1. Is it fair to say I49 is farther than 16 Å from F100 by Cα, part of a strand (DSSP E or B), in contact (Cβ under 8 Å) with a residue 12 or more places away in the chain and hydrophobic (A, V, I, L, M, F, W, C)?
2. Looking only at residues in the stretch 1-23 that are of a type in the set (D, E, K, R) and either out of contact with any helix residue (DSSP H, G or I) (no Cβ under 8 Å at 6 or more places or on another chain) or in a strand (DSSP E or B) (or both), which one is modelled with the lowest pLDDT?
3. So which residues in the stretch 52-64 are in a strand (DSSP E or B) and surrounded by 14 or more Cβ atoms within 10 Å (Cβ to Cβ), if there are any at all?
Amino acid sequence: MLGEINILELRLMPLAVIVTFKVDPAQFDAFKAFLVEMLPDTRAFDGCIGLEVAARDDDHVVILHEVWRSKAHQLAYRQWRADRGDGAKFAAFQREAPRFDDYEMLDIPRV
């Protein structure tokens, strides 16, 4: 497993995750092409509600904005990636380890 989790954290509430990749400048275009190959599996994974990608060319940063049905779904996805050895594939493009920031989705009505 990816670590011990408090059972209360697994409640079924939508979760937004921002993943920040600081990419080796020499690998930037290759990393974007790599994501084209890898992300269809993420979008198809059970519990993935949405996934958007943005990049900043000047400092070679790519972010993923993921929305998951729950933290449990997102953790299952991360474990699946780890079990497949995909972390090493992602790491080959990086200047440093990716950053994962989780946010609880708020139900704020649209006006």
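1. On the way: farther than 16 Å from F100 by Cα: yes; part of a strand (DSSP E or B): yes; in contact (Cβ under 8 Å) with a residue 12 or more places away in the chain: yes; hydrophobic (A, V, I, L, M, F, W, C): yes.
So I49 passes the test.
2. Going through the stretch 1-23, the residues of a type in the set (D, E, K, R) turn out to be 4, 9, 11, 22.
Going one step further and asking which of them are either out of contact with any helix residue (DSSP H, G or I) (no Cβ under 8 Å at 6 or more places or on another chain) or in a strand (DSSP E or B) (or both), we end up with 4, 22.
On the way: E4: 52, K22: 98.
Across the stretch 1-23, the extreme among qualifying residues is E4.
3. Initially, the stretch 52-64 is screened for residues in a strand (DSSP E or B), giving 52-56, 61-64.
Across the stretch 52-64, the qualifying residues are V53, A55, V61, V62, I63, L64.
The values are calculated or read from the model by the stated rules, or taken from the named source; none is laboratory data. Every value quoted in this text rests on a predicted model; they were computed, and no experiment measured them. No Cβ is skipped: glycine too gets one built from the backbone with ideal geometry, and neighbour counts run over all protein chains shown.
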